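What follows is a single structure, written as structure tokens, with notes after it.
The values are calculated or read from the model by the stated rules, or taken from the named source; none is laboratory data. Keep in mind that what you see is a predicted model, and the values were worked out from it rather than measured. So basically every Cβ, Gly included, is an ideal-geometry build from the backbone, and we count neighbours across all protein chains shown. The protein model used for the area step is the full one, side chains on, heavy atoms only, and it has no ligands, DNA or RNA in it. Shrake-Rupley method; radii C 1.70, N 1.55, O 1.52, S 1.80 Å.
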Amino acid sequence: MDGGAIVASRPAVMVTNDDGIDAPGLRFLVDLLVASDRYRVFVCAPDSDNSGVSHSITWLRPLSARRAEITGATAFAVSGTPADCASLGISGKLFDGMIPDLVISGINIGSNCGYHTVYSGTVAGAREAFLYGVPSVAISYDWKAGKSNANDLKLAADACLPLINAILNEIKAKTYPEDSFLNVDVPSDAVNHKGFKITKQGKYMARIGWERTHSHRPALETYQTSNMDVDSVSGYANNIPSHVENELLFKRVINRNNVVREEEEDVDHRVLQEGYITVTPITALSHTVSEDVSFFKEWLTHLAEHSSSSSL
């Protein structure tokens, strides 16, 4: 078998994220995959930070895909959301007909447990691939402001490589489940993690509120404004005041005293805080809450009776 055939026979892995193509979490993960020399590595990621955009898609305008230089990988920076990038990357239109064997979204700066998966662009990137039948995994690191640094993201990538290899082995053997995708969270002390643990999605949520502000400065920490040395920090450090008449500015703030905590032992956020790498199989379906069905059946019956009597 010639060298070209060997390369073509390798599994194709596509990486996306929501922090943007220049984010250190994505770059460390891609470098690690390239260095393993086991995969063809492709990147299709937003050209700017798209944190917290959930599963939004671009519909009314074309997307721009610009080639990006990432050693060992074929990469494009896209003017869209994580879901856009996943969709375009698996379409066969961007990478000369290539459909990836696995899509990895991450490594995100900040955990994505519980209800936070609803807001997460990282999870949405994996979900979009799953919706179109491509195996996928979202990976996030439990970043601690003031404590974590860029090297921790590299350690998180190292810790997840065995899981990625195992997933691709199952895909090759055609034994990988098709009814879910994986949401993976790595604890803050990645190098001393306690192992992988299957969890279920909980209800954890850090409540977010609003405060008045007089500045256009970003409200919440991103990888550009966190405690790491990134060239683009200066572009986000402006503190331009608002002088627009009748304009009120509000910023989002995290209410640390109003966090939904978990009581069950096998839910993602609780297990993550215990030091495990959580592996949570999730799906795109919103399941019916069976215990509420009887209430709403009776409720609709009364509603119908009331509407009928009111019309008389």
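Observations on the model:
- Single match in 125, 52, 114 (criterion: assigned to a helix (DSSP H, G or I), under 29 Å from residue 188 (Cα atoms) and touching a residue at least 40 places away in the same chain (Cβ under 8 Å)): 125
- Lone unmet requirement of (1) out of contact with any Gly (no Cβ under 6 Å at 6 or more places or on another chain); (2) at pLDDT 95 or above for residue 63: (1)
- Residue identified as farther than 21 Å from residue 14 by Cα and of a type in the set (A, V, I, L, M, F, W, C) among 145, 138: 145
- Those residues of segment 99-142 which are open to solvent by 20 Å² or more (accessible area, probe 1.4 Å) and of a type outside the set (Ser, Thr, Tyr), in sequence order: 99, 101, 109, 116, 118, 127, 130, 131, 133, 135
- Boolean, residue 157 is of a type outside the set (D, E, K, R), open to solvent by less than 80 Å² (accessible area, probe 1.4 Å) and closer than 20 Å to residue 34 by Cβ: yes
- Residue-level analysis places residue 80 outside the set of residues that are open to solvent by less than 40 Å² (accessible area, probe 1.4 Å), without any contact (Cβ under 8 Å) to a residue 12 or more places away in the chain and of a type outside the set (Phe, Trp, Tyr).
- Scope segment 263-301; condition modelled with pLDDT under 90 and either surrounded by 15 or more Cβ atoms within 10 Å (Cβ to Cβ) or aliphatic (A, V, I, L, M) (or both); matching residues: 285, 289
- Total residues in segment 20-55, condition open to solvent by 20 Å² or more (accessible area, probe 1.4 Å) and among the aliphatic types (A, V, I, L, M): 4
- Qualifying residue in segment 67-76 (condition: of a type in the set (Lys, Arg) and crowded, with 17+ Cβ neighbours inside 10 Å): no
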